[in-house]
Amino acid sequence: MVAAPLHRGLAREAVRVVVDGVEQVVEVVRQERHLGGQQGYWVCPRCAELRSHLFVLNGSLCCRVCGKLSHRSRHVPRAVARAAKLRHRLGGVPGLLSPLPRKPRHWSPVYYRRLIAELIEAEKVLAALLGGTIRALEHRKGRLHGR
């Protein structure tokens with residue numbers, strides 16, 4: 001029995017990338033998909049594993065595992081991400097309770113009101129989260145420093 005090669009790609013190619021003025025070579029491996037077509041993967045320069053995404057960390061490329069990077073959704077409550085996304089869609093600046101621009105002329109009033117209602121609900125959740133955090137901090141301060 002013959003061992004299969006580590007990456008049985010249809011094509012291997014090298015791509016030169018400039019990161020912070022330093023040229024780096026990254027391999028790309030293309031593999032066949034089971035339903036047809038091809039899928040391209042980066043080869044991580046640190047661990048040599050196939051990855052869909054590479055990130056720039058301290059001036060060099062690495063995958064999420066090598067860079068010990070986690071997803072934003074693990075640290076930010078969904079309400080925060082939802083409110084930021086709605087504010088961006090409405091054309092406003094990020095930040096709780098920051099002013100929103102007027103409705104664009106080409107938007108229907110129903111659509112604009114629906115987005116505003118969703119934003120209000122998301123920010124209510126945020127206000128409740130912040131209120132709980134403040135209450136917990138005040139409770140901790142009271143325990144530490146006396147009431």
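The values are calculated or read from the model by the stated rules, or taken from the named source; none is laboratory data. The model shown is predicted, which means the values in this text are computed figures rather than measured ones. Please note: Cβ atoms are built from the backbone with ideal geometry, for glycine as well, and neighbour counts cover all protein chains shown.
Restricting segment 92-147 to residues that are at positive phi and under 30 Å from the mean Cα position of the chain (by Cα), which is modelled with the highest pLDDT?
Here is the first cut: in segment 92-147, the residues at positive phi are 95, 97, 146.
Now narrow it down to the ones that are under 30 Å from the mean Cα position of the chain (by Cα): 95, 97.
Details: Gly95: 76, Leu97: 71.
The selected residue is Gly95.
With (1) of a type in the set (A, V, I, L, M, F, W, C); (2) at pLDDT 90 or above; (3) exposed (fewer than 10 other Cβ atoms within 10 Å of the Cβ) as the list, and Val43 as the residue in question, which single condition is left unmet?
(3)
Please enumerate the residues belonging to segment 51-81 that are over 16 Å from Val22 (Cα atoms), of a type outside the set (A, V, I, L, M) and surrounded by 14 or more Cβ atoms within 10 Å (Cβ to Cβ).
Arg51, Cys63, Arg64, Cys66, Gly67
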